[in-house]
Amino acid sequence: MNSMNLLSKLSEEERKSLFDLYATYSKSFARVKYVAFAILGLVLVYNLFFAGNRYTISEYNTIRNTFALTAAGILIVLIIISILVFKTQATVKKELKGLASKYSIAYKPLKKEFNAFIKSQAGGVPV
């Protein structure tokens with residue numbers, strides 16, 4: 001049995017368009033890693049330079065407020081990236097559903113085959 005049995009029913013342009021959409025999804029999904037590194041960096045900076053030292057109340061409040069604002073900024077960026085990831089994922093799923101109905105293919109097997117192909121070829125995350 002061909003590993004791309006259902007995907008081979010799609011035209012070359014449609015497969016290319018679908019894989020391009022997936023590439024956009026994969027890139028936006030990878031941006032979450034950068035935010036995770038920023039959070040780890042924030043914790044590292046705090047622990048290396050500020051934790052365990054004595055400060056006056058005003059210095060302590062300044063340090064606390066600076067780190068709270070930085071953490072809030074990182075959280076906002078994480079939320080924005082998450083929204084973009086979910087929108088792109090929904091676009092890929094919508095495209096798969098449209099192609100499944102266009103070619104009278106069941107959606108779930110097509111999605112399963114697409115995910116298996118992406119994982120085997122690009123090592124990417126499923127949609």
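One residue is enough: does the range 69-77 have a residue meeting the conditions under 30 Å from L18 (Cβ atoms), of a type in the set (A, V, I, L, M, F, W, C) and within 18 Å of the chain's Cα centre (by Cα)?
Taking every residue of the range 69-77 in turn, at least one turns out to be under 30 Å from L18 (Cβ atoms), of a type in the set (A, V, I, L, M, F, W, C) and within 18 Å of the chain's Cα centre (by Cα).
Residues of the range 85-114 being part of a helix (DSSP H, G or I), of a type in the set (A, V, I, L, M) and either touching a Phe, Trp or Tyr at 6+ places or on another chain (Cβ under 7 Å) or within 11 Å of L10 (Cβ to Cβ) (or both), which ones?
The answer is V85, V92, L96, L99, A100, L110.
Taking the condition of being farther than 30 Å from A30 by Cα and touching a Lys or Arg at 6+ places or on another chain (Cβ under 7 Å), how many residues in the range 57-81 meet it?
Total meeting the criteria: 0.
State which residue is nearest to V85 (Cα to Cα) when the search covers only the range 35-59 and only residues that are exposed (fewer than 12 other Cβ atoms within 10 Å of the Cβ) and among the β-branched types (V, I, T).
Ranking the qualifying residues of the range 35-59, first place goes to I57.
Among the candidates L10, L44, L21, which residue alone is within 16 Å of the chain's Cα centre (by Cα) and of a type in the set (A, V, I, L, M, F, W, C)?
Exactly one residue qualifies, and that residue is L21.
Taking V32 as the residue in question, decide whether it is β-branched (V, I, T), at pLDDT 90 or above and over 15 Å from V127 (Cβ atoms).
So V32 fails the test.
The values are calculated or read from the model by the stated rules, or taken from the named source; none is laboratory data. Everything quoted here is computed from the prediction, not taken from an experiment. Heads up, the Cβs are rebuilt from the backbone with ideal geometry, glycines too, and the neighbour counts pull from every protein chain shown.
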